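Undergrad: Structure provided below as structure tokens; questions to follow.
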Amino acid sequence: MSTFLGLPAPPGAPPTAPPGVGHLRGDRPFPEAAADALADPQLRHNLGRATRTIRGKRNAVVAELPDWAELRAAGAAIKDDVLAHLDTYLLQLEEKVTSAGGVVHWARDAAEANAIVLELVLAAGATEVVKVKSMATQETGLNEALAAGGVSAWETDLAELIVQLGDDAPSHILVPAIHRNRAEIREIFLRAMGGVGRAADPGLTDDPAALAEAARLHLRQKFLDAEVAISGANFAIAETGTLGVVESEGNGRMCLTLPRVLITVMGLEKVVPTWQDLEVFLQLLPRSSTGERMNPYTSTWTGVHPGDGPQEFHLVLLDNGRTAVLADPQGRSALRCIRCSACLNVCPVYERAGGHAYGSVYPGPIGAVLSPQLTGVAENPSLPFASSLCGACYDVCPVAIDIPSMLVHLRERVVEDKRAHSRIPTSEQALMSAAKWTMLRPGRWAAALRAGRAGRVLGRRRDRIGALPPPLSAWTSTRDLPRPPEQTFRDWWVSSNGGHAEDGGT
Amino acid sequence: MRVALFVTCLVDGVVPDVAKATVRLLRRLGVDVEVPLAQTCCGQMHINTGYAGQALPLVQQHADAFRGFDAVVTPSGSCAGSVRHQHPALAARSGQAGLQRQVEDLASRTYELSEFLVDVLGVTDVGAYYPHKVTFHPTCHSLRVLRVGDRPLRLLRAVQGLELVELPDAEVCCGFGGTFAVKNPDVSAAMLSDKLRHVLSTDAEICSAGDSSCLLHIGGGLSRTRAGVRTVHLAEILASEPVPA
Ligand code: SF4
């Protein structure tokens, strides 16, 4: 009866993202890691303010489009078509990129992707590279892999730069330094810039314009010196072999045009069939992510052009568990995600727990889905439970990913996985079985409810219960519980003849 | 029209007054509501905790218990949401075509209380009298799974003597989330404390909602902090009448 759900992966199933490389797993369960952030008032304040502002902007620019629902449906449909014919579109993309003078590399996992990139960088004779924000290379842990190979990688997005100089981890897809305020940023700049390049002016203030100027001067030197740039991609257009990056600061354009060699690492689900499809996403993405009608810089490039821009272009297509996600019919729509981060900004759990608690480069609601999908649920078993299933994420997702239903689906896989790996039932399993057994027979159920009233002794002196033993102490640590009633509803219904005995038979 | 009350396991065992109020209210509006005693629980806790396999027989039992009724009404947005959305999905995955038909049919006849009053009975003024200052938490599943919209607010605005005050950030989750409150107690408590802050900022005497589960969570927090604000289910407010002279 219960075996039709969440069967363990059959032999020969596509591999998940391997352990030991990249950033998809935390070292602590979510509830434990979240407790840190909850105890940090500055972080709570920053997160609350930042997410509230972005939410407001997003809502305003989405509300002004009368056809948002249609756009959203179109975005979901295009992505579903891509996922259904991924093999076709990827081969088409490879052919077009190659014929435009680029080189396509296929990376099965993070380790392969990192090795390919390191080899390309070393072949170009470089020991420094500049990077434009890329989730895929954070996922693979590329910077660490490059460092191990003697190559320094410099992040050039303002927020990523802050994170990198602060020796920190990003906490938001779109606003990686959302957990830092400007006083902290000033300190980081003063302390760290000089050691790795052009130093900040010692008289630097925490005025946002001054901070941006310090970053600009520091980065400009990096762009001019770099031989190799590494980017991610928001999309790739199969029909022409064109790559695209959507950004706000212009550092992407510098990376994509100045260095001699350009290496782009992209998750293989980012391909779209045609330029026409792009129209949909260029409306959905900026409105959902930064709350702008249009993002400041949209760069597209196709292969190489003699005497203009990079003279060498490499595209690394990353799997790292994506094929395994695709193989799960109930989970595959997570690959529609365009990384807009709207779901993070509305998530009440993310707003309080912060990005680091998720232990992965993908935080928030989509991270709670995607990280365990990519690694396999056994390695991220607490993430699918890091949600109250309030549904706010589904409402704002521009490609209509039903995140709550997917979380529930992954919870089933976690439960199945635990059951498959231990013959002794957990206390939760025992509790659930007992509850089912009781609830399947109204007679047993009525008796159990009556027995539950024995709990009345707990609250004898007041009408509230203030402390219960574990695991229910997790409830009573912050909330009271009402004392059980004198009579259950069903007993009242029967004894009072449907209430008619009480009110004299209406 | 044969109407059944889907009591829900929580209301049955913990807050029976909510079901009694629902019965009183419906009778006052001329609906002779029945209570099939074969009902127990819709299985939502099992489903949301990852035990869909265990929930399937409960889904079957729920569908059997409410066979033959024209409408099923429940004072819980979350349980109505489970019956309308999770049951059909689960039945479809089970591959049992008969169950799927039965469950889809029941889903189309299942209503949360405010939906039943406004859409089926066509009333917003239910003749209630409740001279208190009230704020309303709309609850996530009523809002985003059932899309009840402003139906509860329309019902409350029509209640004589009631002063309705708007709850800031009303649409944000209170942090209950079923087993979430136990599995992630710290985050749940942080969400609750923000909700309590907003409730207190309204200066209301009563915080109401259409879900007893969220109300137990919010009420538990209010009681712990001795906030002096009570939680009262929507059904109990709508069932209140002026004391006869
Ligand atoms: S899941 Fe949806 S809302 Fe969240 S980042 Fe992806 S596209 Fe955006």
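Read-outs throughout are calculated quantities, based only on the coordinates presented, and are distinct from any laboratory measurement. This one's a predicted model, so the numbers in the text were calculated from it and none came from an experiment. Neighbour counts run over all protein chains shown; Cβ positions are idealised from the backbone, glycine included.
Undergrad: Considering only the other residues whose Cβ falls under 15 Å of the Cβ of A:P384, what net charge follows from Lys and Arg at +1 and Asp and Glu at -1?
TA: Cβ neighbours under 15 Å give a net charge of -2.
Undergrad: Given just the C-alpha atoms of the protein assembly as shown, how large is their convex hull per residue in cubic angstrom?
TA: 168
Undergrad: Which value, in Å to one decimal place, does the Kirkwood hydrodynamic radius take for segment A:217-275 when every pair of different Cα atoms is included?
TA: With all distinct Cα pairs of segment A:217-275 included, I get 12.4 Å.
Undergrad: Averaged across orientations, what area in nm² does the convex hull of the alpha carbons in segment A:314-407 project?
TA: About 6.1 nm², averaged over all directions.
Undergrad: While we're looking at this one, here's another question. Rounded to the nearest 0.05, what FRET efficiency do A:D206 and A:A60 have when you use their Cβ-Cβ distance and R0 = 35 Å?
TA: Calculated value: 0.80.
Undergrad: Can you put A:K222, B:K195 in order of Cβ neighbours within 10 angstrom, beginning with the fewest?
TA: A:K222, B:K195
Undergrad: Let me ask something else about it. Quote the relative contact order of segment B:51-153 in percent (integer), defining contacts as alpha-carbon pairs under 8 Å separated by 6+ residues.
TA: After rounding, I find 31 percent.
Undergrad: Pick out, from A:P15, A:C343, A:A37, the residue whose Cα sits farthest towards the positive end of the charge dipole of chain A, with +1 on the Cβ of Lys and Arg and -1 on the Cβ of Asp and Glu.
TA: In chain A, that residue is A:A37.
Undergrad: Kirkwood hydrodynamic radius (Cα pairs, Å) of segment B:72-136?
TA: Hydrodynamic radius (Kirkwood, Cα pairs) of segment B:72-136 is 13.6 Å.
Undergrad: Give me the distance in nm between label points sitting 7 Å out from Cα along the Cα-to-Cβ direction at A:D308 and B:R93, one decimal.
TA: It works out to 5.3 nm between the two label points.
Undergrad: Compare the Cα positions of B:A227, B:L155, B:A204 along the charge dipole of segment B:133-239 (+1 at Cβ of Lys, Arg; -1 at Cβ of Asp, Glu; about the Cα centre) and return the one farthest towards the positive end.
TA: Value computed over the given set: B:L155.
Undergrad: So what's the Cα pair-distance distribution over segment B:3-120, bin width 5 Å, in %?
TA: 2, 12, 23, 26, 19, 10, 5, 2, 0
Undergrad: Between segment A:121-155 and segment B:93-162, how far is it from one alpha carbon centroid to the other, in angstrom?
TA: Comparing the Cα centres of segment A:121-155 and segment B:93-162, I get a distance of 55 Å.
Undergrad: Now, a different point. Could you give the size of the charge dipole of segment B:3-120 about its Cα centre, using +1 on the Cβ of each K and R and -1 on the Cβ of each D and E, expressed in debye and rounded to the nearest 20?
TA: 80
Undergrad: Here is a follow-up. For segment B:58-89 and segment A:261-322, what is the separation of their C-alpha centers, rounded to whole Å?
TA: Value for the Cα centre distance between the two parts: 46 Å.
Undergrad: Could you give each residue of segment A:489-497 its phi-based ³J(HN,Hα) in whole Hz, using Karplus coefficients 6.51, -1.76, 1.60 with θ = phi - 60°, and x for Gly or Pro?
TA: 4, 5, 5, 4, 4, 6, 6, 9, 6
Undergrad: Rounded, prolate or oblate: which fits segment A:373-447, taking a ≥ b ≥ c as square roots of the Cα gyration tensor eigenvalues, rounded meaning a/c under 1.5, else prolate when a/b beats b/c?
TA: The shape class here is oblate.
Undergrad: Given a cut-off of 29 Å, what percent of all Cα-Cα pairs of chain B lie beyond it?
TA: Summing the P(r) tail past 29 Å for chain B gives 27 percent.
Undergrad: Now a separate question. How far, in nm, would the chain grow between A:R108 and A:R450 when pulled straight, counting 0.36 nm per residue and subtracting the alpha carbon separation?
TA: 117.3 nm
Undergrad: Please state the relative contact order of chain A as a whole percent: Cα pairs under 8 Å, 6+ residues apart?
TA: Relative contact order of chain A: 21 percent.
Undergrad: Further, regarding this structure: Ratio to report: Rg/Rh of segment B:133-239, with Cα atoms as the point set and Rh obtained by the Kirkwood method; give two decimals.
TA: 0.94
Undergrad: At 7 Å along the Cα-to-beta-carbon direction for both A:A430 and A:S496, put a label point, then send me their distance in nm to one decimal.
TA: 3.8
Undergrad: B:K133: which lysines have alpha carbons under 27 Å from its alpha carbon, excluding same-chain residues fewer than 8 sequence positions away?
TA: Of all the lysines, those that pass the test against B:K133 - Cα under 27 Å, at least 8 places apart if same chain - are B:K20, B:K195.
Undergrad: Next question, about the same structure. Give, to the nearest whole percent, the P(r) tail of segment A:1-155 beyond 23 angstrom, counting all Cα pairs.
TA: Beyond 23 Å sits 67 percent of the P(r) for segment A:1-155.
Undergrad: So for chain A, if I pair up every lysine 8 or more residues apart or on another chain, how many of those pairs have alpha-carbons under 22 Å apart?
TA: For chain A, the number of qualifying lysine pairs is 8.
Undergrad: Next question, about the same structure. Take A:A199 and A:S473, extend 7 Å from each Cα along the Cα→Cβ direction, and tell me the distance between the two endpoints in nm.
TA: Using points 7 Å along Cα→Cβ, the separation is 5.4 nm.
Undergrad: Now a separate question. Any chance you could list the semi-axes, whole Å, largest first, of the equivalent ellipsoid that the Cα gyration tensor gives for segment A:137-242, using √(5λ)?
TA: 26, 16, 15
Undergrad: Between rounded, prolate and oblate, where does segment A:107-157 land on the alpha carbon gyration tensor, with a ≥ b ≥ c its root eigenvalues, rounded for a/c under 1.5, else prolate if a/b exceeds b/c?
TA: Cα axes put segment A:107-157 in the oblate bin.
Undergrad: Given only helices, namely DSSP H runs of n ≥ 4 each adding -39500 (n - 2.57), what is the per-residue ellipticity at 222 nm of the protein assembly as shown, to the nearest 500 deg cm²/dmol?
TA: -14000 deg cm²/dmol
Undergrad: Lys/Arg Cβ at +1, Asp/Glu Cβ at -1, dipole of the protein assembly as shown taken about the Cα centre: which of B:T8, B:P138, A:V246 is farthest positive-ward?
TA: Value: B:T8.
Undergrad: With θ set to phi - 60°, apply the Karplus curve 6.51 cos²θ - 1.76 cosθ + 1.60 along segment A:337-348 and write out the HN-Hα couplings as whole Hz, x wherever there is a Gly or Pro.
TA: 3, 9, 6, 7, 6, 4, 5, 5, 5, 9, 7, x
Undergrad: Name the shape class, rounded, prolate or oblate, that the alpha-carbon gyration tensor gives for segment A:47-106, where a ≥ b ≥ c are the square roots of its eigenvalues, rounded holds for a/c under 1.5, and otherwise prolate holds if a/b is larger than b/c and oblate otherwise.
TA: Judged from the Cα gyration tensor, segment A:47-106 comes out prolate (a/c at least 1.5, a/b above b/c).
Undergrad: Pop the C-beta distance of A:L440 and A:A327 into the FRET formula with R0 = 41 Å and round what comes out to the nearest 0.05.
TA: Using R0 = 41 Å, I get an efficiency of 0.75.
Undergrad: Output ³J(HN,Hα) for segment A:265-280: one whole-Hz value per residue in order, computed from phi by the Karplus curve 6.51 cos²θ - 1.76 cosθ + 1.60 with θ = phi - 60°, and x for Gly and Pro.
TA: My calculation for segment A:265-280 gives 10, 9, x, 6, 8, 7, 6, 10, x, 9, 4, 4, 5, 4, 3, 5 Hz in order.
Undergrad: While we're on this one: Let me understand segment B:183-245 better: what is its radius of gyration from the alpha carbons, and its Dmax, in angstrom?
TA: Rg, Dmax (Cα atoms, Å): 13.4, 51.
Undergrad: If you don't mind, another one. For segment B:3-120, what is the relative contact order in percent, using Cα pairs closer than 8 Å and at least 6 residues apart in sequence?
TA: Once normalised by length, the contact order is 28 percent.
Undergrad: I need the Debye-formula profile for segment A:232-328: one equal scatterer per C-alpha, no solvent, reported as log10 I(q)/I(0) at q = 0.15, 0.18, 0.19, 0.21 1/Å, two decimals.
TA: For the requested q values the scattering log ratios are -0.66, -0.92, -1.01, -1.16.
Undergrad: Suppose every Lys and Arg Cβ carries +1 and every Asp and Glu Cβ carries -1, with no other charges. What dipole size does the protein assembly as shown come out with about its Cα centre, to the nearest 20 debye?
TA: Dipole magnitude for the protein assembly as shown comes out near 2380 debye.
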